[in-house]
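The values are calculated or read from the model by the stated rules, or taken from the named source; none is laboratory data. These figures come from a predicted structure and were not determined experimentally. When we count neighbours, we look across all protein chains shown, and the Cβ atoms used for this are built from the backbone with ideal geometry, even at glycine. Please note that ligands, DNA and RNA were not included when accessible areas were found on the heavy atoms of the full protein model with its side chains. Shrake-Rupley method; radii C 1.70, N 1.55, O 1.52, S 1.80 Å.
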Amino acid sequence: MLFGACHDSKKTYMSDCDAHMMFKKVSYGHLMDSLKYYDKKYIEVVGKYEEGKEESALFNDNLYILKPNTALWVNFSQDCPLYLSGTHKGFFQLDGGGYAHIKNKKIRIRGRLDLKNRGYQKQYKGCIDHVSFIEL
């Protein structure tokens, strides 16, 4: 009866985009302190994902107050389709074509950091582009 409590329920969505690239695992705090160093580099970072009207952003999951100037815009692209590991279920095929299933959740994400793209109304610190991996 207790076996269900030990089940790992993490879901991984991956893309073939940038599969040959090496991703640098970095903490959210270190990334924000060293943004210029990581510009145009491939990173893996953990944070809290928020989405809404004109919002697709990754925040530090240790913060209580979420402000755009402390976050990174997340730019999903049709050029890099994400699929649930081991299936043909696309990331955007779930939940009526949206990605609300990760709203307000802690995620691990891989992509390329771009400091020139600052998201909606240029209010974010930069952008995680070419998203090729999400674990929730």
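What the table shows:
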quantity: Residue match in the range 12-19 (condition: more than 20 Å from His101 (Cα to Cα) and surrounded by fewer than 16 Cβ atoms within 10 Å (Cβ to Cβ)); calculated: yes
quantity: Residues satisfying the stated conditions in the range 20-58, i.e. modelled with pLDDT of 95 or more, surrounded by fewer than 19 Cβ atoms within 10 Å (Cβ to Cβ) and in a strand (DSSP E or B); calculated: Lys24, Lys25, Tyr42, Ile43, Glu44, Val46
quantity: Neighbours by Cβ (under 7 Å, 6+ apart or cross-chain): first from the range 32-48, over 25 Å from Asn104 (Cβ atoms); second hydrophobic (A, V, I, L, M, F, W, C) and assigned to a strand (DSSP E or B); calculated: Tyr38/Leu113; Asp39/Leu113; Lys40/Leu113; Lys41/Leu113
quantity: Per-region count, the range 26-54, residues of a type in the set (Asp, Glu) and within 13 Å of the chain's Cα centre (by Cα); calculated: 3
quantity: Residue list for the range 72-93, filter: out of contact with any Leu (no Cβ under 6 Å at 6 or more places or on another chain), assigned to a strand (DSSP E or B) and surrounded by 17 or more Cβ atoms within 10 Å (Cβ to Cβ); calculated: Trp73
quantity: Check on Asn69, within 17 Å of Gln123 (Cα to Cα), open to solvent by 40 Å² or more (accessible area, probe 1.4 Å) and touching a Cys at 6+ places or on another chain (Cβ under 7 Å); calculated: no
quantity: Of residues in the range 109-120 being in contact (Cβ under 8 Å) with a residue 60 or more places away in the chain and within 18 Å of Leu66 (Cα to Cα), the one least open to solvent (accessible area, probe 1.4 Å); calculated: Gly119
